[in-house]
Structures are given as structure tokens and as C-alpha cells.
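Below is one structure, written out as C-alpha cells; comments come after it.
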Amino acid sequence: MAARSALSAGVAWARGLLSWARPERWLAPGSIFPLSCIHTSTSLQKIGKWEKKNRIVYPPQLPGEPRRPAEIYHCRREIKYSKDKMWYLAKLIKGMSIDQALAQLEFSDKKGAKVIKEVLLEAQEMAVRKHNVEFKSNLHIAESQTGRGRYVKRVRCHGKGMFGMMKISRCHYFVKLVEGPPPPPEPPKTGFDQAKEYVQQLRNRTLVHTL
């Protein structure tokens, strides 16, 4: 009797589940498209802090005020590449115009150069399409940064029952494009200037538990 009652309870539960998941509950009559209660767009994808900076809305400018240059934030995450190797390429193109940076990356045989070039081309297209930039060559790289991604450990099988551990490293790349020509490079600092800055930092520090 107990087995028969359990079987009947299971059949009733299955019937209730099938009645709840019937197609006419989710689809409009005579249509293959779902109703509006089911979210099928891609807006539920997670947006990082770097990409959210594109949504900043500035107040209206005053008459006669110089036009605010457009700023484009773009990135690519989880690149299967070391962040330390990517750092050299990121600092190479910082402060360059977009055309000069693409030319430098074109003649680099490193794997990270191809990735950064793709990101710059995507950001350049986005600048013209979404940020009302008139000339796509009138852009310069204001910021070029790298970040650490997920580090995963995996087992590598060796002979005679031995094994080793391998690390799979990933990184992120962030770039900020600003409309207009690049600013002039800063003059190099001499050793005397660096010494003056260091002494000034020592004088500005706050010492606790002292007179």
C-alpha cells in the first residue's frame, strides 16, 4: 500500500508539472515568440565598472565654453595571456594617437599585440557609432592598463604515474580613448628633481605618537 500511494503521488506531481509547463502558458496563441514575461534580451549580461563609465551624463555646457572631448571606455576580459607580458604592450602605446598605436602593434609579433589591436579597432568603431566622433583618426590613447584575470591550476600527467601542476593565466585589458590630438610628452625628470620630490614627501608625512 505504501508503494502504491507513493507511486500515485509521483504521478500526480508529474501531471501538475506538465500542466504548469504547457506551451500555451508561455507562448501567445498562434505565435512562436515568447510572451513579454520571459526576458530574452542580452541586457542581463553583467557590465563592469570600466564599461559603466560610458554611461556618465555631464551637465549642459555654457555658451562659449569649449566643447568637451568625447571619452570612450572599452575593455576585453579573460584573455588567455600573462598580465605581465601584456603590461609592456599596454605601456608602449599609452599617449599615442590611435593610428600610431595601430601601426606599432601591426609590426609586433607578440600574441598580446593582436588582442590589443582588436580592442582598439572595436573602441574606434564604437566612438564613431555611439559617441558622435566625427573623424575616427582624431583619437588618442589616454589610459592603457592591464589587470589580473582568473588563474587556474590543472594537472599535467607524466610517465610512470607521475604528474605535475600547470597554471593557466588570464588577464584583462582596459583602454580609454579621448577625442583630439595627444598631449605633448612630459619632459624627463632629472635626478635632482626626483630628489626634491622625495624630500618633499618626507616633509609632508604625518608621524603619529610624537610631539
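The values are calculated or read from the model by the stated rules, or taken from the named source; none is laboratory data. What you see is a predicted model; the values in this text were computed from it and never measured. Reconstructed Cβ throughout: ideal geometry from the backbone, glycine too, with neighbour counts over all protein chains shown. When the accessible area is computed, the model is the full protein with side chains, heavy atoms only, and any ligands, DNA or RNA have been set aside. Shrake-Rupley method; radii C 1.70, N 1.55, O 1.52, S 1.80 Å.
Can you go through Lys176, Lys189, Lys196 and tell me which one is among the basic types (Lys, Arg), outside any strand (DSSP E or B) and at pLDDT 95 or above?
It is Lys196.
If the requirement is being open to solvent by 100 Å² or more (accessible area, probe 1.4 Å) and either among the polar types (S, T, N, Q) or in contact with a strand residue (DSSP E or B) (Cβ under 6 Å, 6 or more places away or on another chain) (or both), which of these qualifies: Phe135, Phe163?
Phe163
Out of everything in segment 84-98 that is among the charged types (D, E, K, R) and surrounded by 14 or more Cβ atoms within 10 Å (Cβ to Cβ), what residue ends up being farthest from Pro181 (Cα to Cα)?
Lys85
Spot the failing condition for Ile47; the list is (1) open to solvent by less than 80 Å² (accessible area, probe 1.4 Å); (2) assigned to a loop (DSSP other than H, G, I, E, B); (3) at pLDDT 90 or above; (4) within 30 Å of Lys167 (Cβ to Cβ), and only one is missed.
Condition not satisfied by Ile47: (3).
Hey, any hits in segment 68-83 for a residue that's assigned to a loop (DSSP other than H, G, I, E, B), at pLDDT below 70 and open to solvent by 80 Å² or more (accessible area, probe 1.4 Å)?
Checked segment 68-83: no residue is assigned to a loop (DSSP other than H, G, I, E, B), at pLDDT below 70 and open to solvent by 80 Å² or more (accessible area, probe 1.4 Å).
Restricting to segment 99-111, and then to whatever is of a type outside the set (S, T, N, Q) and over 18 Å from Ala123 (Cα atoms), can you tell me which residue is most open to solvent (accessible area, probe 1.4 Å)?
The selected residue is Phe107.
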